[in-house]
Amino acid sequence: MYKKISSLWISLLMSMILLCGEIHVGAYLGINWGRMATQKFVPSMVVDLLLQNGIPELRLFQPSLHVLDAFAETNIGLIITLQENFLKNAIEQKQIDDYIHERVKVYSEKGVKFRYVYVGNEPFTKSLYMKKQFNGTIRFLNMTRVALDKFNLPDIKVTTPHFTDVLTNVSKPSEGDFREDIKGKMLGFLDSINRTGAPFVIHMFPIYTVYRYGFDVDFAFFDDKSKFKIVDGNNTYTNLFTFIYDTLVSALAKAGYGDMEIVVGQIGWPTDGYVSASEQNAERFHRGLLQYIARKEGTPLRPNRDIDMYLLGLTDENMVVTDYGPYQRHWGIYKHDGVPKYKIDFTLQDRDVKPSIAKGTVRMPNRWCVFDGKTDHNETLVLQDYDFACEKSDCTAFGSGATCDHLSFTEKVSYAYNMLYQMGNQDMRKCKLLGAKMTTNNPSTPDCDFPIEILTAEVVDGGSGLTKKY
């Protein structure tokens, strides 16, 4: 009885939040939640954060069953992903059917609201991590659509997100086109999603693109501080977002799909790991982006339109692959302990507020593992342990221009030792490195935080396999 009352209350609260949001804007704003981290929020905590902050949509990377349970009757729209490690072993339609039944059909009946099913992720990217292109995208798109239709789920759309490197490098948006080496596959993909009314989903990393193009970094923001602009016929571009978006619009038009819906599946600004990656710039970027979305300006090629998007991301992920750069582990609006890093108003009302703090996190004891700094240690062996600690933990804060780039040798070794210790849940065996010692004195510097992690009971199964047959 209590569970039913609680679910009804959550659903009522979310409906009230969404209603308030719809008074101001028509576009929806979602967020990505990845769990590639040693310390993770529990699903009920994430539901609470979304409800408190008025975030109506979530892209879930690892759709574990207990995570899906937490979203029942919340009215939060979900995107789940059929990941490559599942798809590469899926040979028969029945395997897709079983997955959709277990992760979508069953949970739809429990009151989980699914918006999209993503099939794979960025299959045509140039990234070294995904250099072997995933060739089964269209086949699996069609198989997933068949499975959803079989279970009478026609409103759930099937698509695949793509990174901006599917587009050619251009100087003007009107020149936009898809890369020649993928054009055949892309045309087949576009035909598939067009027939089912699914959107083209694009992932944008403005900090990556602005440096890749050699643009003024201020061009990535929306506050008109950049003197750089791009003139394309009668259209003028004063920020990177509209430049990229209209480059995609042009590419779609040339492919014969000029009216295809576009969803921005990932966009954000990192807070560490790279030049210009900071909490200040992340707040500046998101404030300008959300003001722009709320005004419904659209872009020069698609004016006066709502743009649906999903921010990247809810929390930092200290185990995610850094194929584009160290900053990829620092997309989070929240720190690992559930404290927001900066001000952002998810309701698009431009309030000068920080998001709600996550409730229920338990901080580990104030203990750090550091290097004693003694000069009689064999430096070669110390470097070996330093490299080992970084390899097994997360030293992305040492990136060029990052918050801990300025540390001395002793401080860097201490940071690496501590990260291994914290990411190992403060296991004393992780502090058995050369010159390592325990301390209760915080070794952080004014610019570089030596973190204390949170306790976690979460295990991520990846949502990539079936737990039972039906």
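Placing +1 on each Lys and Arg Cβ and -1 on each Asp and Glu Cβ, with no other charges, gives segment 220-316 a dipole about its Cα centre of roughly 340 debye.
Peptides 411-421, 347-357 ranked from most to least packed, by the mean per-residue count of other Cβ atoms within 10 Å: 411-421, 347-357.
Between K172 and L187, the modelled label-to-label distance comes to 2.5 nm, taking each label 7 Å out from Cα in the direction of the beta carbon.
Rounded if a/c is under 1.5, else prolate if a/b beats b/c, else oblate: with a ≥ b ≥ c from the C-alpha gyration tensor eigenvalues square-rooted, which is segment 271-313? Prolate, since a/c reaches 1.5 and a/b exceeds b/c. Summed over the residues of the chain and divided among them, the accessible surface reaches 43 Å² per residue at a probe radius of 1.4 Å. Other residues whose C-beta falls under 15 angstrom from the C-beta of Y327 contribute a net charge of -4, scoring Lys and Arg +1 and Asp and Glu -1. Accessible area per residue was computed with a 1.4 Å probe on protein heavy atoms; R367 scores about 90 Å². Shown in residue order for segment 382-393 are the 3J(HN,Hα) couplings computed by the Karplus curve 6.51 cos²θ - 1.76 cosθ + 1.60 at θ = phi - 60°: 4, 4, 5, 5, 4, 4, 4, 5, 5, 4, 8, 10 Hz (x for Gly and Pro). Which label marks the calculated value of Rg and Dmax of the Cα atoms in Å, given the options (i) 22.9, 71; (ii) 22.9, 83; (iii) 34.1, 123? The calculated read-out lines up with (i). Projecting label points 7 angstrom from Cα along Cα→Cβ for K254 and F409 puts them 5.3 nm apart. Taking amide H atoms as placed 1.01 Å from N in the peptide plane, the amide H of V158 lies under 5 Å from those of V117, each 5 or more residues away in sequence or on another chain.
On the principal axes of its alpha-carbon atoms, segment 293-386 has extents of 67, 34, 19 Å, going from largest to smallest. State the percentage of accessible surface on the chain attributable to carbon and sulfur atoms; use a 1.4 Å probe and exclude ligands, DNA and RNA. Within the chain, the accessible surface is 52 percent carbon and sulfur.
Restricting attention to segment 30-132, lysine pairs at least eight places apart or on different chains and with alpha-carbon atoms under 21 angstrom apart total 5.
Neighbours of N418, meaning other residues whose beta-carbon lies under 12 angstrom from its beta-carbon, give a summed charge of 0 when Lys and Arg score +1 and Asp and Glu score -1. Computed extension gain for Y213 through K392, at 0.36 nm per residue and net of the alpha carbon distance, reaches 61.2 nm. Summarising the label geometry, the points placed 7 Å from Cα in the beta-carbon direction at K126 and N378 lie 4.4 nm from one another. Taking amide hydrogens as placed 1.01 Å from N in the peptide plane, the amide H of R59 sits under 5 Å from those of I31, N32, W33, I79, each at least 5 positions away in sequence or on another chain.
Using the average count of surrounding beta-carbon atoms within 10 Å as a protection proxy, the listed peptides 44-52, 377-385 rank, highest first, as 44-52, 377-385. The packing ranking of peptides 77-88, 241-252, 211-222, 435-446, highest mean first, is 241-252, 77-88, 211-222, 435-446, where packing means the average number of other beta carbon atoms within 10 angstrom of each residue. Taking a sphere under 11 Å around the Cβ of L78 and counting the other residues whose Cβ falls inside, with K and R at +1 and D and E at -1, yields a net charge of +3. Net length available on complete extension from N235 to K343 is 35.6 nm, with 0.36 nm assigned per residue and the Cα-Cα distance removed. By the gyration tensor of its Cα atoms, with a ≥ b ≥ c the square roots of the eigenvalues, what is the shape of segment 147-265: rounded for a/c under 1.5, prolate for a/b over b/c, or oblate? Since a/c reaches 1.5 and a/b is larger than b/c, the shape of segment 147-265 is classed as prolate.
If both residues of a DSSP beta bridge must be in the chain, then about 25% of such bridges are antiparallel. Between the beta carbons of D149 and I91, assuming R0 = 22 Å, the FRET efficiency works out to 0.60 to the nearest 0.05.
The values are calculated or read from the model by the stated rules, or taken from the named source; none is laboratory data. Only a predicted model underlies this, so the values are computations on that prediction, with no experimental measurement involved. Note that we place each Cβ from the backbone using ideal geometry, even for glycine, and neighbour counts take in every protein chain shown. With ligands, DNA and RNA removed, areas are computed over all heavy atoms of the protein, side chains included. Shrake-Rupley method; radii C 1.70, N 1.55, O 1.52, S 1.80 Å.
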